[in-house]
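Here is the structure we will look at.
The values are calculated or read from the model by the stated rules, or taken from the named source; none is laboratory data. The structure displayed is predicted, hence computed values, not measured ones. A quick note on method: Cβ atoms are made from the backbone with ideal geometry, for glycine too, and the neighbour counts reach across all protein chains shown. Just the protein is used for accessible areas: all its heavy atoms, side chains included, with ligands, DNA and RNA removed. Shrake-Rupley method; radii C 1.70, N 1.55, O 1.52, S 1.80 Å.
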Amino acid sequence: MTAFLFGILSSLVASAIIFVLGLVRGSRPLWWLVAVCSRLTGTGLARVYRHQSSAEGDIARNLGQASWIKVLAGRGNVLTREVFSPLWSGELTPASVQVLLPDTLAPGDSWLDRRSQDLRLFDPGFTPDLLKNQVRANTDYIAQVSRSQPHVELRSFNLPNTCRVIATDQAAFLTFYSSSSHGRNSPCLYVRAPGLLYSIALQQFGMAWTSSSSARPTP
């Protein structure tokens with residue numbers, strides 16, 4: 001039943017993305033139409049950014065007003081950039097910050113291994129261990145932060161990761177990964193709470209968190 005319901009929700013998400021991407025092809029996206037459709041359908045969709053990095057200014061503003069923060073990332077580079085620095089410096093003090101990054105020590109055919117194979121198909125600079133090394137560096141960074149900030153919790157997951165989620169009590173930013181491009185080149189959806197897409201974002205995070213384990217330091 002859960003898989004069936006999740007399949008229905010995924011189809012709805014895909015339909016919403018196709019609709020919105022059609023709007024943003026123009027030079028001046030029709031955000032008023034997006035807002036009207038969002039209210040009528042209950043999706044909560046507020047904006048779509050052509051590229052993930054274009055959302056960082058709004059992400060920073062949203063983090064500054066958050067009571068809690070949840071991050072599910074496939075690599076985690078954004079965690080070490082300016083957008084998150086007020087959290088790690090103690091300038092912002094939400095009640096909790098939960099971070100999920102891929103498990104770089106997972107045995108066998110892990111999700112990171114499969115993602116690395118996809119990346120090498122279109123980016124020849126990606127050696128087999130490059131993605132894992134990048135995730136390890138970001139994991140070590142957040143692990144160090146969590147030692148002095150008990151409200152920051154870092155865990156690792158080994159599940160197929162199809163999107164990046166940055167969620168707060170007010171909104172969520174969703175980036176759906178493609179097998180043929182880097183996540184930074186993918187569109188990013190800004191969805192407000194409450195709404196269908198916001199609920200899906202929290203569901204994605206919750207499923208990964210339930211299956212996660214304590215982050216292991218780099219050996």
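Pairing residues of region 80-102 that are open to solvent by 10 Å² or more (accessible area, probe 1.4 Å) with residues that are assigned to a helix (DSSP H, G or I) and among the aromatic types (Phe, Trp, Tyr), at Cβ distances under 7 Å and at least 6 apart in sequence or on separate chains, gives 80/141; 98/209.
Please verify whether region 114-124 includes one or more residues that are crowded, with 16+ Cβ neighbours inside 10 Å, closer than 19 Å to residue 177 by Cβ and acidic (Asp, Glu). Give the steps one after another, and end with the answer.
The first filter runs over region 114-124 and keeps only residues crowded, with 16+ Cβ neighbours inside 10 Å, leaving 115-116, 118-119.
Next cut, closer than 19 Å to residue 177 by Cβ only: 115-116, 118-119.
Checking the rest, the ones that are also acidic (Asp, Glu) come to 118.
There is at least one residue in region 114-124 that is crowded, with 16+ Cβ neighbours inside 10 Å, closer than 19 Å to residue 177 by Cβ and acidic (Asp, Glu).
Tell me yes or no: at least one residue of region 154-167 is of a type in the set (S, T, N, Q), surrounded by 19 or more Cβ atoms within 10 Å (Cβ to Cβ) and touching an Asp or Glu at 6+ places or on another chain (Cβ under 9 Å). So far as region 154-167 goes, yes, one or more of its residues are of a type in the set (S, T, N, Q), surrounded by 19 or more Cβ atoms within 10 Å (Cβ to Cβ) and touching an Asp or Glu at 6+ places or on another chain (Cβ under 9 Å). With respect to being more than 30 Å from residue 109 (Cβ to Cβ), surrounded by fewer than 19 Cβ atoms within 10 Å (Cβ to Cβ) and in contact with a helix residue (DSSP H, G or I) (Cβ under 7 Å, 6 or more places away or on another chain), residue 184 falls outside the description. So, residue 108, is that one outside any helix (DSSP H, G or I) and open to solvent by 40 Å² or more (accessible area, probe 1.4 Å) or not? Judged against the criteria, residue 108 is a match. Taken together, the residues in region 160-176 that are touching a helix residue (DSSP H, G or I) at 6+ places or on another chain (Cβ under 7 Å) and modelled with pLDDT under 85 amount to 2.
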